[in-house]
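Right, one structure below, let's go through it.
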Amino acid sequence: MVNIGFNIGDLHFKTPVLTASGTFGYGSEFDDFFDVSILGGIILKGITLEPREGNPYPRMVETPSGMLNSVGLQNKGLEYFEKDIYPQVSAYNTNVLLNINGSTVDDYIALAYRINKLEKIPAVELNISCPNVKMGGMAFGTNTETARTVIKKVRAVYKKKLIVKLSPNVTDIVDFACIAQEEGADAVSLINTILGMAIDTKSMKPFLSTITGGLSGPAVKPAALRMVWQVAKAVSIPVIGIGGIMNTSDALEFFLAGASAVQIGTASFIDPKASVRIIEGLEQYLGEKGFSNIKEIVGYINKPNI
């Protein structure tokens, strides 16, 4: 038997394969394809304190080896989630995590405080790539001071496991990972999407209504892998790798670079069962290589005997 479980502190995940926020809805969208409880955890679509309509259409466009999106965190707000979604996702026999977002520090604090009371949500993923309205739209996660402030404030009120999702749109992502650890984060996840754009040469206008959007998919994997490798060497808390993971081989690269777990995002749009196939592939690979525990390959490229 191969043990592919991992822990964030005392919170156990049966597999190291999670779903990335914004790519898996509330889980129920995938019930027709497989038993969602097979996964180590599902990270629900991003939530805000108040309802958001999101950005105007068009807000998604395919690009070579990837996609751009500027959905804009469309959701019905926390109150709707508590009343209509939470009772449904509570039935899953896996870890259900909530991705939280805000325009101000107070938004984050209010969200974290209320989510504390939701027994079936054992952790939140703090998205610090949101624009800070009090700083002219600068993302919280691209400024070390604002990043530290929001992480510290949320940590003060949120009593369960805190994962901080890091933006790649910075000079040195390691600095932000270290800040997250210093301020009490239990894990970090990376990377969020890379800022990009695409132009329609027929209309001579940008494809997206917002002009720029977040690039995801295979195109970002080399950059994501590099950042995961750098961060994993700098922090002692678990690192969750995200970015262009389409198959087992992609996932294995992240584990070998130092990730303790991975999130599957864009791949789920192409193959709804991608995450399940990756779990099966990991078990097969470890068995063939003679490993009994996935921890044995985490950060393997940094081990002195290779």
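The values are calculated or read from the model by the stated rules, or taken from the named source; none is laboratory data. If you're wondering where the values come from, they're calculated on a predicted model, not measured in any experiment. No Cβ is skipped: glycine too gets one built from the backbone with ideal geometry, and neighbour counts run over all protein chains shown.
Descriptive notes on the structure:
- Where residue 212 falls short, out of the listed (1) touching a strand residue (DSSP E or B) at 6+ places or on another chain (Cβ under 7 Å); (2) closer than 29 Å to residue 1 by Cβ; (3) surrounded by fewer than 15 Cβ atoms within 10 Å (Cβ to Cβ); (4) not acidic (Asp, Glu): (2)
- Of the helices (runs of 4 or more DSSP H) lying entirely inside the range 228-306, the ones with 2 or more residues being closer than 20 Å to residue 44 by Cβ and not β-branched (Val, Ile, Thr) are found at 267-270, 274-289.
- Scanning the range 1-35 for residues that are within 15 Å of the chain's Cα centre (by Cα), of a type in the set (Val, Ile, Thr) and over 17 Å from residue 100 (Cβ atoms) yields a single hit, 17.
- Flag if residue 115 is modelled with pLDDT of 95 or more, surrounded by 17 or more Cβ atoms within 10 Å (Cβ to Cβ), under 19 Å from the mean Cα position of the chain (by Cα) and on the phi < 0 side of the Ramachandran plot: yes
- Enumeration of residues in the range 182-209 that are more than 20 Å from residue 71 (Cα to Cα) and surrounded by fewer than 19 Cβ atoms within 10 Å (Cβ to Cβ): 182, 184, 201, 202, 203, 204
- Screening the candidates 37, 21 for the property of being crowded, with 22+ Cβ neighbours inside 10 Å and either outside any strand (DSSP E or B) or touching a Ser or Thr at 6+ places or on another chain (Cβ under 9 Å) (or both) yields one hit, 21.
- Residue that is surrounded by the fewest Cβ atoms within 10 Å (Cβ to Cβ) [pool: residues in the range 61-86 that are closer than 29 Å to residue 218 by Cα and without any contact (Cβ under 8 Å) to a residue 60 or more places away in the chain]: 62
- First in the range 195-211 and closer than 14 Å to residue 63 by Cα, second anywhere and surrounded by 12 or more Cβ atoms within 10 Å (Cβ to Cβ) and polar (S, T, N, Q), Cβ under 6 Å, 6 or more apart: 195/169; 195/212; 197/212; 198/63; 208/70
- Of the set (1) over 22 Å from residue 186 (Cβ atoms); (2) surrounded by fewer than 22 Cβ atoms within 10 Å (Cβ to Cβ); (3) touching a residue at least 40 places away in the same chain (Cβ under 8 Å), all apply to residue 236 but (1).
Residues checked against (1) over 19 Å from residue 302 (Cβ atoms); (2) touching an Asp or Glu at 6+ places or on another chain (Cβ under 8 Å):
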| site | (1), (2) |
| --- | --- |
| 254 | no, no |
| 257 | no, no |
| 263 | yes, no |
| 271 | yes, no |
| 274 | yes, no |
| 277 | yes, yes |
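- The residues of the range 1-18 that are farther than 19 Å from residue 121 by Cβ, part of a loop (DSSP other than H, G, I, E, B) and touching a Lys or Arg at 6+ places or on another chain (Cβ under 9 Å), listed by number, are 4, 5.
- Filter result (crowded, with 19+ Cβ neighbours inside 10 Å and not small (Gly, Ala, Ser)) within the range 171-180: 173, 176, 179
- Residue check, residue 85 within 16 Å of the chain's Cα centre (by Cα) and closer than 30 Å to residue 35 by Cα: no
- Scanning the range 64-121 for residues that are β-branched (Val, Ile, Thr), in a strand (DSSP E or B) and over 30 Å from residue 196 (Cβ atoms) yields one hit, 96.
- Qualifying position, being among the β-branched types (Val, Ile, Thr), surrounded by fewer than 22 Cβ atoms within 10 Å (Cβ to Cβ) and under 23 Å from residue 54 (Cβ atoms), among 157, 89: 89
- Only listed residue being buried (at least 20 other Cβ atoms within 10 Å of the Cβ), at pLDDT below 95 and among the aromatic types (Phe, Trp, Tyr), chosen from 30, 13: 30
- Applying the condition of being under 19 Å from the mean Cα position of the chain (by Cα) and of a type in the set (Gly, Ala, Ser) to the range 118-143 and asking which residue is modelled with the highest pLDDT yields 123.
- In the range 203-227, residue farthest from residue 162 (Cα to Cα) [restricted to those that are among the small types (Gly, Ala, Ser) and not in a strand (DSSP E or B)]: 203
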